[in-house]
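What follows is a set of notes on a single structure, which appears directly below.
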Amino acid sequence: MAATACSFHSALIPSSPNFRHHHRHPPVKARVSTSNKGLTRKKYQKGTIKCAREFSDFVGGDLLKPDLGKWLSDVEEHKAIAIYPPHEGGYEGRYLNRLRYQGYRFLDLSARGLGDPETTLTKIHPVCPAHIGKQPIARWYFPPEVDYRLSLLPPDAKGLVVWILEAKVLSKAELQFLALLPTLRPKVRVIAECGNWRKFVWTPLKDIAGLTANEAL
């Protein structure tokens, strides 16, 4: 562990959970002096803090966590996973690449504007483009996103991973459908970003959606 000292107002303070304040001297009470005009002046003793840094702050915490094997086994076992990456982002890329090395292809979608997941992913669905002024309201029809991508998979592909961004805005019923999607399409795996946490963690999506083990099968 390496430690550095910096001032309280320095911009070098890391956003690490191991950040601790250490005063070299005990706090001194303010000395109050009142002038003739009734003005009050306060004098404080300036202190310093100590910023503790771990080895993971220099090389990346994701490189020190050997959990990729468990990640692959959980994806194959549960088929629908809810993930919670850190707010700063970037950590989920290692787990995505590990699935890509296994032969999976990806369909990245954002939950915002997705509409009904069942209709968008598995049925022919209408889309109304934005109209300007007095233009007529048109309606275009698109093929099912998942079925269309499955038909385009090369022969050597292991399957299709539907990666849902900002899945925290989805309702419980929509999350339940995503948890059941691998049952309807056996070659599909679902990864839903359901929130954020201090480190990259995941859990079966059926637990988040409130499905029992029998309903998820």
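Some observations on this one:
- Listed pairs K70/K172; K123/K168; K79/K158; K79/K206; K123/K158 exceeding 19 Å between Cα atoms: K70/K172; K123/K168; K123/K158
- 3J(HN,Hα) along segment 102-110: 7, x, 7, 9, 10, 10, 8, 9, 9 Hz, from the Karplus curve 6.51 cos²θ - 1.76 cosθ + 1.60 with θ = phi - 60°, whole Hz, x for Gly and Pro.
- Under the Karplus curve 6.51 cos²θ - 1.76 cosθ + 1.60, θ = phi - 60°, whole-Hz ³J(HN,Hα) for segment 82-96, x wherever Gly or Pro sits: 9, 10, 9, x, x, 5, 6, x, x, 5, 5, x, 5, 6, 5
- Phi angles of segment 176-189 translate, via the Karplus equation with coefficients 6.51, -1.76, 1.60 and θ = phi - 60°, into HN-Hα couplings of 5, 5, 4, 5, 8, 4, x, 6, 6, 10, x, 8, 9, 10 Hz per residue; Gly and Pro are given as x.
- H125 long-range amide H proximity, modeled H, under 5 Å: F142
- Spin-label model, K172/E77: points 7 Å from Cα along the beta carbon direction are separated by 2.6 nm.
Every read-out reported here was derived from the displayed coordinates using simple, explicitly stated rules and does not represent laboratory data. Note that the structure is a prediction, hence the values are computed from the model and not measured. So basically every Cβ, Gly included, is an ideal-geometry build from the backbone, and we count neighbours across all protein chains shown.
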